[in-house]
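Trainee: The structure that follows is given in the form of structure tokens.
The values are calculated or read from the model by the stated rules, or taken from the named source; none is laboratory data. Bear in mind the structure is a predicted one, so any value in this text is a computation, not a measurement. Reconstructed Cβ throughout: ideal geometry from the backbone, glycine too, with neighbour counts over all protein chains shown.
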Amino acid sequence: MGYHKPINIAEIINQIRATSYECSDTRTDGWTGLGLKQDLHQIKWALDDALRRCPSFVGEDEWLREQEQKRLIEILKK
């Protein structure tokens, strides 16, 4: 059986960004904003659990460091 990537990363990221935008919108009431933020927390917890279940791979630590550096540079540019 060949490799099958079961998720669409771009779509997931778009949904997370849209949820964050809606939650932060000043026109969003507190009740709705809280529900949206709770959704984001549930996604984070599910992702944290999934990552804990995954094994470590050769080169993973280096890749993570590179990604953290890229993120830091983007933050500093803003």
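Trainee: Considering only residues that are surrounded by 10 or more Cβ atoms within 10 Å (Cβ to Cβ) and not β-branched (Val, Ile, Thr), which ones fall in segment 9-20?
Mentor: Listed by number, the residues that qualify are 14, 15, 17, 18, 20.
Trainee: Looking at residue 12, is it under 18 Å from the mean Cα position of the chain (by Cα), modelled with pLDDT under 95 and among the hydrophobic types (A, V, I, L, M, F, W, C)?
Mentor: Considered against the rule, which asks whether it is under 18 Å from the mean Cα position of the chain (by Cα), modelled with pLDDT under 95 and among the hydrophobic types (A, V, I, L, M, F, W, C), residue 12 comes out as no.
Trainee: Under 9 Å between Cβ atoms, which residue pairs at least 6 apart in sequence (or on different chains) link something in segment 50-78 that is within 28 Å of residue 6 (Cβ to Cβ) with a partner that is of a type outside the set (A, V, I, L, M) and assigned to a helix (DSSP H, G or I)?
Mentor: 57/63
Trainee: On to the next question. Please indicate, with yes or no, whether at least one residue in segment 19-30 is among the polar types (S, T, N, Q), part of a loop (DSSP other than H, G, I, E, B) and in contact with a helix residue (DSSP H, G or I) (Cβ under 9 Å, 6 or more places away or on another chain).
Mentor: The initial filter retains those residues of segment 19-30 that are among the polar types (S, T, N, Q), namely 19-20, 24, 26, 28.
Narrowing further to those that are part of a loop (DSSP other than H, G, I, E, B): 26, 28.
Next, from what is left, pick out any that are in contact with a helix residue (DSSP H, G or I) (Cβ under 9 Å, 6 or more places away or on another chain): 28.
Yes, because at least one residue in segment 19-30 is among the polar types (S, T, N, Q), part of a loop (DSSP other than H, G, I, E, B) and in contact with a helix residue (DSSP H, G or I) (Cβ under 9 Å, 6 or more places away or on another chain).
Condition check ((1) surrounded by 10 or more Cβ atoms within 10 Å (Cβ to Cβ); (2) among the aliphatic types (A, V, I, L, M); (3) in contact with a Lys or Arg (Cβ under 6 Å, 6 or more places away or on another chain)) across all residues:
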| position | (1), (2), (3) |
| --- | --- |
| 33 | yes, no, no |
| 36 | yes, yes, no |
| 43 | yes, yes, no |
| 47 | yes, yes, no |
| 54 | no, no, no |
| 59 | no, no, no |
| 68 | yes, no, no |
